[in-house]
Amino acid sequence: MAGTRADPAEIAILLPHGEQFGPQHAGAIALHVRDVTRASRLRDRIRIYGAPVALPFAGFDYRPLSPAWHGLRGRNIGVAETLRRRLQGRDDVMVEVYNRPNMLAHLAARAPGLPLTLRLSNDPTTMRNARTAAERTQLLARARAILCVSDYVRRRFLDGLDAAALAQAARKLQVTHNAIPRTLAAPPRKERLVLFVGRIIEAKGVADLVGALERVLPRHPGWRAAIIGTSRTRRSPRQPSAFESALGERCARLGAAVRCLGQLPNETVLAHFAQAAIVVVPSRWEEPLARTAIEGLAHGCAVLAYATGGLPEVLRGRGLLIERPTADALALALERVIADDALRADLQRQAWHDYPFDIHPLAARIDALRETILAGLRRAA
């Protein structure tokens, strides 16, 4: 049964429970939602729902949710259920579910009149309620639109779908790369700094980077490196992993040349991007896109990355892609970019001048999709 209609209709963004929508611990999804919402012409109609945080980003209509059924079906389903109850049967609210197909599936089953969209930031075939072709077909049937962070993610979604589902996907599946607002008016002055930002886990290739630094930095004493990130999560916030501790010991043996800075607020991280001459994104897994690669381009850095997942979509022609994801190949590439001033300067110029990832065109595309869906709600009313 339809509830009381608001005029104009609202847009509810539903974050995964693990996302922290605040300046201290925001991940890539929370930062994306912040940036796109800030640039949206529909900003006054957007409500953002997610886990309680001590200090949310200022200037947004952020509404914390505690999960219903805590411990019974998981926090993400619990948060989706809490939102459903809060909406009280309204069908004039478009809900944008971020990166959790199981949350969309839950809302679709329990609130069949609710207009839903899904944005995928990871390979859907690894996610609950999207692992099989049948599950992804059901998502297509229920969602008004599904936005993929890269063409790599789009292709993974399409894997195994039949002809009817592929026809639906042609109408509903879109690629919307991450975008970063470029706040600098000119390329910043660079220091002899190599920067890594990301989770300190094996899949991110940090061990390969440390191995490359051990080989390369002693030959270039004017250079240093900074590693920003941690292995810790909300569920294990106290101690770093054994993997992170072992890497920290290796970095310590390099002395002042390498600093492991842990997790830092986003504003501080961006200041390091502005300083860094080189940014390294050595993801060994099929990286869906990597916001850090775009942040490197936005700050005029020479970006080195393994050619995995969606990274070639960002860096082909703009950065240096390493086709073989090995520590030896990374060390050779890093040595080359550090030793060759002309190559490094060329990569930095290319990053600065060929930058198609500004936030405003992306926000305009997403707003146009929203307005199409909201117009359909008005016609239905």
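Residues in the stretch 81-128 that are out of contact with any helix residue (DSSP H, G or I) (no Cβ under 8 Å at 6 or more places or on another chain) and without any contact (Cβ under 8 Å) to a residue 40 or more places away in the chain were compared, and the one that is nearest to Thr308 (Cα to Cα) is Thr126. The residues on offer are Val303, Val216, Val279, and the sole one that is crowded, with 17+ Cβ neighbours inside 10 Å, within 18 Å of Ile200 (Cα to Cα), β-branched (Val, Ile, Thr) and touching a residue at least 24 places away in the same chain (Cβ under 8 Å) is Val279.
Pick from Leu330, Leu347, Leu374, Leu321: which is within 30 Å of Asp35 (Cα to Cα) and in contact with a Phe, Trp or Tyr (Cβ under 8 Å, 6 or more places away or on another chain)?
Residue meeting the stated conditions: Leu321.
Here Leu264 fulfils each of the conditions (1) under 24 Å from Leu320 (Cβ atoms); (2) in contact (Cβ under 8 Å) with a residue 12 or more places away in the chain apart from (1). So is Val314 within 23 Å of Asn122 (Cβ to Cβ) and either part of a helix (DSSP H, G or I) or touching an Asp or Glu at 6+ places or on another chain (Cβ under 7 Å) (or both) or not? Considered against the rule, which asks whether it is within 23 Å of Asn122 (Cβ to Cβ) and either part of a helix (DSSP H, G or I) or touching an Asp or Glu at 6+ places or on another chain (Cβ under 7 Å) (or both), Val314 comes out as yes. Restricting attention to the stretch 286-311, the residues being more than 15 Å from Gln350 (Cα to Cα), assigned to a loop (DSSP other than H, G, I, E, B) and not β-branched (Val, Ile, Thr) number 8.
Hey, among the residues in the stretch 256-285 that are assigned to a loop (DSSP other than H, G, I, E, B) and not hydroxyl-bearing (Ser, Thr, Tyr), which one's nearest to His353 (Cα to Cα)?
Pro282
The single condition from (1) at pLDDT below 95; (2) assigned to a helix (DSSP H, G or I) that Pro112 fails is (2). Of His32, His25, which residue is at pLDDT below 95, closer than 27 Å to Thr268 by Cβ and within 21 Å of the chain's Cα centre (by Cα)? Just a single option satisfies the conditions, and that option is His25. Looking for something modelled with pLDDT of 95 or more and either surrounded by fewer than 16 Cβ atoms within 10 Å (Cβ to Cβ) or in the same structural domain as Thr117 (by TED's automatic domain parsing) (or both) - is there at least one such residue anywhere in the stretch 229-240? No, because not a single residue in the stretch 229-240 is modelled with pLDDT of 95 or more and either surrounded by fewer than 16 Cβ atoms within 10 Å (Cβ to Cβ) or in the same structural domain as Thr117 (by TED's automatic domain parsing) (or both). Among the residues examined, Ile200 does not qualify as modelled with pLDDT under 95, of a type in the set (A, V, I, L, M) and part of a loop (DSSP other than H, G, I, E, B).
Could you look through the stretch 332-381, keep only residues that are assigned to a helix (DSSP H, G or I) and acidic (Asp, Glu), and pick out the one that is surrounded by the fewest Cβ atoms within 10 Å (Cβ to Cβ)? Looking at residues that are assigned to a helix (DSSP H, G or I) and acidic (Asp, Glu), I get Asp341. The set of residues in the stretch 147-193 being touching a strand residue (DSSP E or B) at 6+ places or on another chain (Cβ under 7 Å), basic (Lys, Arg) and under 17 Å from Arg131 (Cα atoms) consists of Arg154 alone.
Taking the options Ala364, Ala375, Ala293, name whichever one is assigned by TED's automatic domain parsing to the domain that holds Arg215 and either in contact (Cβ under 8 Å) with a residue 12 or more places away in the chain or within 30 Å of Arg142 (Cα to Cα) (or both). Residue meeting the stated conditions: Ala293.
The values are calculated or read from the model by the stated rules, or taken from the named source; none is laboratory data. Just so you know, these numbers come straight off a predicted model, no measurement behind them. Cβ atoms come from the backbone with ideal geometry, glycine included; neighbour counts cover every protein chain shown.
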